[in-house]
Amino acid sequence: MVHMGYQIAVYGASGTTGRFVLAELEKRGFSGLPFGRAQATADDPAALDRALAAAAAVINTAGPFAVTALPLIAAAERAGIPYVDVAAEIEANADTFARGASIPVVPAMAFFGGLADLLVTAAMDDWTSADSAHIAYGLSGWQPTAGTLTAGTVSRERRGGQRVRFRDGALQYHSDALPSSEWEFPSGPREVIGEFSMADIVTIPSHLQIPSVTSYMSATAAQGLSEAAERAEPETFEVDVRVRRGSEERRLTVTGRDIYAVSAPLAVEAVERLLTSRFNVTGVASAGAMFDARDFLGALAEHLKTAA
């Protein structure tokens, strides 16, 4: 599908994810309008308005999103255009949902946050509620970008160094040690770190009646994150989702390569659907609430291999 005439503003276009987003836009026939802090800082509304003047939508890839998300959403509202971001910061995403919007806004439309939300929503199918959702990230490694590390630091500072989990229908802050266990992925068992909370604990409960949402991270990836080496060979990933209700369990898994690269088709597919009236909510909504989850995942078959 070619979208001649649609110009999509990309904030943070010089960063790792921003460059992937620009390439995906070009691939799909959109025109990218790259800009960043050199053209418009988040605390300069007039500059943001100028940057968005010709845009049909904006994709925010510039963290920390605690600083950039709400000002960019406000600018998108003034321009009357949809807003999508790739925020993995738990608190920043919670801020976005709390704010609301008069335009379509999809936060965390990326590997962390949006993808698991789509998977859990699709796995739920006709269930209107479940007891728990479990998201296991089987990454071969993790070489975080500078932006990821900065965003993580901001989140830790906001929660005073505490950890966060989603239990009993609410975010809970705690200082408990993270549990380790073994997760049986379709490809085989891996050691994982439990309660390794990602944006999923905000996106999933925003629209699904699931009082407990838990994320798990492969131990090799958690170690890579702590060591923060330079990005080299992209990681492979296996995201395994299990939703439980009583004695029943539903499961959905996707596999792919490069968690930063795959965020680009997730974000751009969202924008394409927002601009072609294939969405459900005018306001703030996560991927699974905003779009048809199974159809969305099917549209990304080139990047994600899905198996029940």
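FYI, it's all coordinate maths here, none of it is from the lab. Model, not experiment: these values are computed from the prediction. Counting neighbours? That spans all protein chains shown, and the Cβs are built from the backbone with ideal geometry, glycine included.
Which residue fluctuates most in the GNM of the chain (Cα springs below 10 Å): 132, 197, 187?
For the chain, modelled as a Gaussian network with Cα springs under 10 Å, the answer is 187.
Report, largest value first, the span of the C-alpha coordinates of the chain along each principal axis, in whole Å.
Sorted largest first, the three principal extents are 52, 39, 36 Å.
For the range 114-259, what class follows from the C-alpha gyration tensor (a ≥ b ≥ c being the square roots of its eigenvalues): rounded when a/c is under 1.5, otherwise prolate if a/b is larger than b/c, else oblate?
oblate
At 222 nm, what helix-only mean residue ellipticity would the chain give, in deg cm²/dmol to the nearest 500, using -39500 (n - 2.57) for each DSSP H run of four or more? The partial results should precede the final answer.
Numbers: 11 runs with 110 residues, N = 308.
Here the helix-only value at 222 nm equals -10500 deg cm²/dmol.
Mind checking which of 90, 103, 135 has the largest fluctuation in a GNM of the chain, springs on alpha carbons under 10 Å?
Ranking 90, 103, 135 by mean-square fluctuation puts 103 first.
Compute the helix-to-body angle for 114-124: its Cα long axis versus the longest principal axis of the chain, expressed 0 to 90° and rounded to tens.
That works out to roughly 50 degrees.
Under a GNM of the chain (C-alpha, springs under 10 Å), which listed residue has the highest mean-square fluctuation: 45, 234, 179?
Maximum among the listed residues: 179.
Working from Cα positions, state the angle (0 to 90°, nearest 10) between the long axis of helix 146-158 and the longest principal axis of the chain.
Here the helix axis deviates by roughly 70 degrees.
Calculate how many DSSP beta bridges within the range 114-259 are antiparallel, expressed in % of all such bridges and rounded to the nearest 5. Walk me through the numbers before you get to the answer.
Numbers: 33 of 39 bridges.
The antiparallel fraction comes to roughly 85 percent.
For the range 112-165, just say rounded, prolate or oblate: build the C-alpha gyration tensor, square-root its eigenvalues into a ≥ b ≥ c, call rounded for a/c under 1.5, and beyond that prolate if a/b exceeds b/c, oblate if not.
Numbers: a/c = 2.85, a/b = 1.75, b/c = 1.63.
Prolate is the answer for the range 112-165, as a/c is 1.5 or above and a/b outweighs b/c.
Step through the residues of the range 160-171 one at a time and calculate ³J(HN,Hα) from phi using the Karplus curve (6.51 cos²θ - 1.76 cosθ + 1.60, θ = phi - 60°), rounding each to whole Hz and writing x for Gly and Pro.
x, x, 6, 9, 9, 9, 10, 9, 6, x, 8, 6
Among 117, 125, rank each residue by its count of other Cβ atoms within 10 Å, from fewest to most, as a rough exposure measure. Show your work: numbers first, answer last.
Values: 117 32, 125 11.
So the ranking, lowest neighbour count to highest, is 125, 117.
What is the set of long-range amide H partners of residue 32 at a cut-off below 5 Å, with H atoms built 1.01 Å from backbone N?
The list, which skips near neighbours in sequence, is 8.
Calculate how many DSSP beta bridges within the chain are antiparallel, expressed in % of all such bridges and rounded to the nearest 5.
Values: 36 of 57 bridges.
Restricted to the chain, the bridges split so that about 65 percent are antiparallel.
How far is helix 90-99 tilted off the main Cα axis of the chain, in degrees rounded to 10, range 0 to 90?
With both axes taken from Cα atoms, the answer is about 60 degrees.
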